[in-house]
1. Take peptides B:185-196, A:239-250 and line them up by average Cβ neighbours within 10 Å, highest first, as a rough protection proxy.
2. List the trypsin sites (Lys or Arg not before Pro) within region A:293-347 that fall in a DSSP loop (any state other than H, G, I, E or B) and whose Cβ has at most 15 other Cβ atoms within 10 Å.
3. Exposed loop sites here are chymotrypsin sites (Phe, Trp or Tyr not before Pro) in DSSP loop states with at most 15 other C-beta atoms within 10 Å. What is the longest stretch of chain A lacking them?
4. To the nearest whole number, what is the average tally of beta carbon atoms from other chains within 10 Å of the beta carbons of peptide B:91-98?
5. Taking only the alpha carbons of region A:240-297, what extent do you get along each of the three principal axes, in Å, biggest first?
6. Express the C-alpha Rg of region A:91-139 as a ratio against the empirical globular expectation 2.2 N^0.38 Å, rounded to two decimals.
7. Over 21 Å between Cα atoms, which of B:K10/B:K31; A:K6/B:K139; B:K11/B:K42; B:K10/B:K70 qualify?
8. How are the C-alpha pair distances of region B:55-165 spread across 10 Å bins, as whole percents from the shortest bin up?
Amino acid sequence: MALLKKSSIWIAFIVALLGLPLLFDSILAISILNQMVIAIVFALSYNMLLGQGGMLSFGHAVYFGLGGFLSVHALMLIEFETMVFSILWIPLIGGLFGLLAGIFIGSFSTRKAGTVFAMISLGIGELIAASSLIFSSFFGGEAGISGDRTFGPTFFGFDFAQNIEIYYVAAVWAFIATLFMYLFTQTPAGRMANAVRDNPERAEFIGYSSRKVRFISFCASGLFAGIAGGLFALNYEFITEENLNAATSGRVLLMAYIGGLGYFIGPIIGAVVLTLMNSLLSNYSELWMLYLGIMFLLTVMYLPRGFAGFIMMHQLAWVRGNMKLLIKPYLVTTIPALLFTLCTIALIEMSHTEDEVFHYLGLVLNPASPITWIVILAIAGGAFYAVKRSLLQLNDAWETANAIPKEEET
Amino acid sequence: MAILSLIDVKKNFGATEIIRGVSLDIVQGEKHAIIGPNGAGKSTLFHLISGRYNLSAGSIRFKEQQIENKPPYEIARMGLARSFQVTNIFQRMSVFENIRCALFWSKGYGYSFWHLLGRQTELNDEAMHVLEQIGLTEKAKFPSGELAYAEQRALELGISIASGAELIMLDEPVAGMSHSEAQNAVELIRKITEGKTLIMVEHDMNIIFDVADRISVLVYGEIIATDEPKNIRANPKVQEAYLGEVHSA
């Protein structure tokens, strides 16, 4: 029973991984799901560095990208029958190459954490990204390299031509990778990574070289980033410099941070949310990067522990059975907040649009007319005021819900 | 028999000499206090012994082996543990995790990433046992950074002694505590260092005369006397350099 309880979250994870493509089976949905599982592995591997090891990296895409490049080369080997093996093993090849890169780069970059580490990671990132354009025999220059995943031996009749088949391959790998990354946190090396993050000096006085502890996390992180890169290669069948440059490194940092660095599940949430925003928002607005930036800013400012931290904040109220006290104030705050957000988006989009009419939420607005602007501004102002008012109530409700009951105080 | 020997140890930062030739033998099993006015170099001496600083000259032997200029982790693995003047714990980890991490090396786990901690019953029991000794059993799951000051000091002590080191060095273990807290801490120190060698830096004279078998007086980077407490009290050089200053203050 205890075992069942312990593994219930993992069973839920399996059910979600296997069940989602049944619920959302459009081509777009499968493509998004594929991106999502890749992002989950990548973001979790990043959190091994930052959240668990205290190493802020600006170049984590290097291991993802290198793993991906080698994986595409492996696809080519299969295609030209230089070697024959199932493409199921491709992510492992990516992972091993990520691990190798991690061992090599980690051997000198993990001497110090903090700014020194961050700067080295940035430098390495730039170096590899620049090299990838120069050494075009391996990296294929700006066009990148591409392969074909359908040439290898079939697996029980599957030839992996369909995205959904690759999704299941990716889901299995993502599950294995997630499980092992979680188990790593439960080992002495994983715990010492936390200890070194908190206090590298003290770690040395209980018998551990901070550098070696960091190095081990760094290599493990490289391994899993490489696996994610391999999954990427399988999914897209091509890879370019873009997948190992600073922009990709920045995106994985965003995912982990927005999700919540302090929780194992945080980067998973971040990966899901950002992938969704990436793929869905970009359909609706050219300005989606701007909204992403605003969301990042707001998260850093108001939810420093990320989405996972926000959810976990409610643990106490939940345990005390006081969640019902919070529902109404949350609604009262969320509705005007949503209205305010929609108005702000309308204003931003209207400033951007060059069309005569602007279609928004079923309304037809005229961006040229001052009245449109005044009305939206007025609604936004009213909503903002309402949010400020209801926040006070929410605060009170929060205090009540989390207050220590009288009998517990003594 | 000396468990730790300092032979003409010197340390300078640039042109400033902090430790100006200290020689000292710590006998196995003794409780040895180091006292001296502020800026005498007591903490520096601790840092030199425990490997945080490199020596400028001289040599340090621990259990018959040269340890000067070795990294702190190698010295710690030999069985020399220390605490810090400013609380130095793993703030974001739970109290239990702090102690368990301090046990890893001595229990032979090294850098293992193949042992699952949930299954290491002996290790976990041992960690709970240490928590019991330092009186933090009920705070086991508490984030250590949120403990009260005296509790953090107790944890600091727990991390230092958890590994079962033979030589324990405590840097002002009761600094900043109230009188009753300090009394409790002294009891705790006595209990957990039983049968071990202790070197302690402390300002509170009552505590020192209470705990120490021998006292060394460090003044401006030199040891001017090493003796039993009653002789230290009577030593005119010490009275002039140190105790006199305290009495007149």
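Values in this text are rule-based calculations from the coordinates and carry no lab data. Predicted model, so just to flag it, every value in this text is computed and none were measured. Ideal geometry is used to build each Cβ from the backbone, glycine not excepted, and the neighbour counts take in all protein chains shown.
1. A:239-250, B:185-196
2. A:R320
3. Segment A:157-410 is the longest.
4. That average works out to 3.
5. Here the spans come out as 32, 26, 18 Å, largest first.
6. Dividing the Cα radius of gyration by 2.2 N^0.38 Å gives 1.29.
7. B:K10/B:K31; A:K6/B:K139
8. In whole percents, the pair-distance histogram is 14, 41, 30, 13, 2.
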